[in-house]
Amino acid sequence: MTDAIRAETVSIKGHDDDEIEAYAARPLHDGPRGGVVVIHHMPGYDQATKEMVRTFAVNGYAAVCPNLYAREAPGADPDDAAATVRAAGGVPDDRLVGDVDGAARYLNSLDGANGKIGVIGHCSGGRHAFLAACSLRLDAAVDCYGAFVVNEPPAGMPASMKPILGLAPELSCTLLGLFGAEDGYPAPEETAVLSAELDRLGKAHEFHTYDGAGHAFFAVDRPSYRPEAAVDGWQKIFDFFSRTLSA
Amino acid sequence: MCTYQTHKIAIDGSGKARQGWISLTDATVYVDHPVHMQQEHTVNIDFLNPGQGPSARVAVELTEEAALALADAIHRALAAAPPGLAAAIRGGQSVRAGVGGSV
């Protein structure tokens, strides 16, 4: 068995069969292996997110991150693309679901795919991960501090940003939630409401809230990085995917 | 947190971007995560020309104190100059070279 991976920019079919850019990485050894769709955060399809894609490949998964801003800003720097999409009101929820669906189909088309698909997202991507898991048939979902799943956003938010707790009955897989106790969006009270609703619906979920951590504690290039929470969080992610994405 | 909130205005001006000087048509102001500054949230201002694509952008990320000081300095600078000196319209006429018409 080799630990080599292949990582590259690819083109995949997203929502409405649009051809969109994506960053993919996979182990070079034969499968079977599960697939992970990585949903980038609001600042965009950036280096840190691509590093996460490679990390999943190093750990035995095929992974792909669709560039959610590819339509508005093809080829642009991630920060310029994020600014463009932000000024235009953000990514519509239905388009996000279509792009994740396309990314899942791409992963399942690869040699060695075992047909199991997990999704993970941070920040805005955390809300998107929950949205995708309630809209598509998936095998695992990880929500890292996604806000506005439960609570109404403050006035002035884009119309596309609305609570989606009402989708919880459609949650198609176990949800792993990783949150910071010092985060205000989502605050622990908000994630507690989500947990209670999933309990009520009999939907499997595992939530962990880290003391001493706020928003974006996984972000190694930001002052919000909290190594203890992030290291433990990564262990929980890989433990979760080993249970949910095995053949 | 990501605020998602964006205050957008139409502007008339020029700025120096990576590709050189460009005309600017839009500006957005938002308090959210910066890309470069090592602080969790900053006041971010993008000067844009969407017609020239995403890279037609001049961006700054400021602390709250710096942003407010900048706003004050703009007001002071304008107050210290003759009224209307930098206005786009004076006496009902555009003052820009090559731009005709009146309002």
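General observations
- Against the test of being within 30 Å of B:VAL31 (Cβ to Cβ), surrounded by fewer than 10 Cβ atoms within 10 Å (Cβ to Cβ) and modelled with pLDDT of 95 or more, the options B:ALA66, B:ALA80 yield a single qualifying residue, B:ALA80.
- The requirement of being surrounded by fewer than 20 Cβ atoms within 10 Å (Cβ to Cβ), closer than 22 Å to A:GLY146 by Cα and of a type outside the set (D, E, K, R) is satisfied by A:THR55.
- Some residue of segment B:24-40 being more than 10 Å from every other protein chain (Cβ to nearest Cβ), more than 12 Å from the chain's Cα centre (by Cα) and without any contact (Cβ under 8 Å) to a residue 60 or more places away in the chain: yes
- Where A:ASP211 falls short, out of the listed (1) more than 22 Å from A:TYR45 (Cα to Cα); (2) within 13 Å of another protein chain (Cβ to nearest Cβ); (3) among the acidic types (Asp, Glu): (2)
- Matching residues, segment A:132-191, being closer than 19 Å to A:ALA230 by Cβ and β-branched (Val, Ile, Thr): A:VAL142, A:THR191
- Looking only at residues in segment A:133-187 that are under 17 Å from B:ASP32 (Cα atoms) and of a type in the set (Ser, Thr, Tyr), the one that is surrounded by the fewest Cβ atoms within 10 Å (Cβ to Cβ) is A:TYR185.
- Wholly within chain B, strands (runs of 3 or more DSSP E) carrying at least 1 residues that are closer than 30 Å to A:ALA82 by Cα and basic (Lys, Arg): B:7-17, B:57-62
- So A:ASN108, is it more than 23 Å from B:VAL35 (Cβ to Cβ) and in contact with a helix residue (DSSP H, G or I) (Cβ under 7 Å, 6 or more places away or on another chain): no
- Residue in segment A:176-190 that is closer than 22 Å to A:TYR61 by Cβ and within 14 Å of chain B (Cβ to nearest Cβ) present: no
- Residue count, segment A:28-45 (criterion: at pLDDT below 95, buried (at least 17 other Cβ atoms within 10 Å of the Cβ) and of a type outside the set (Phe, Trp, Tyr)): 4
- Single match in A:ASP94, A:ASP80 (criterion: closer than 26 Å to B:GLY53 by Cα, surrounded by fewer than 22 Cβ atoms within 10 Å (Cβ to Cβ) and not aliphatic (A, V, I, L, M)): A:ASP94
- Matching residues, segment B:9-54, being buried (at least 18 other Cβ atoms within 10 Å of the Cβ) and polar (S, T, N, Q): B:THR28, B:THR42, B:ASN44, B:ASN49
The values are calculated or read from the model by the stated rules, or taken from the named source; none is laboratory data. Model, not experiment: these values are computed from the prediction. Using ideal geometry, Cβ is built from the backbone for each residue, glycine included, and neighbour counts are taken over all protein chains shown.
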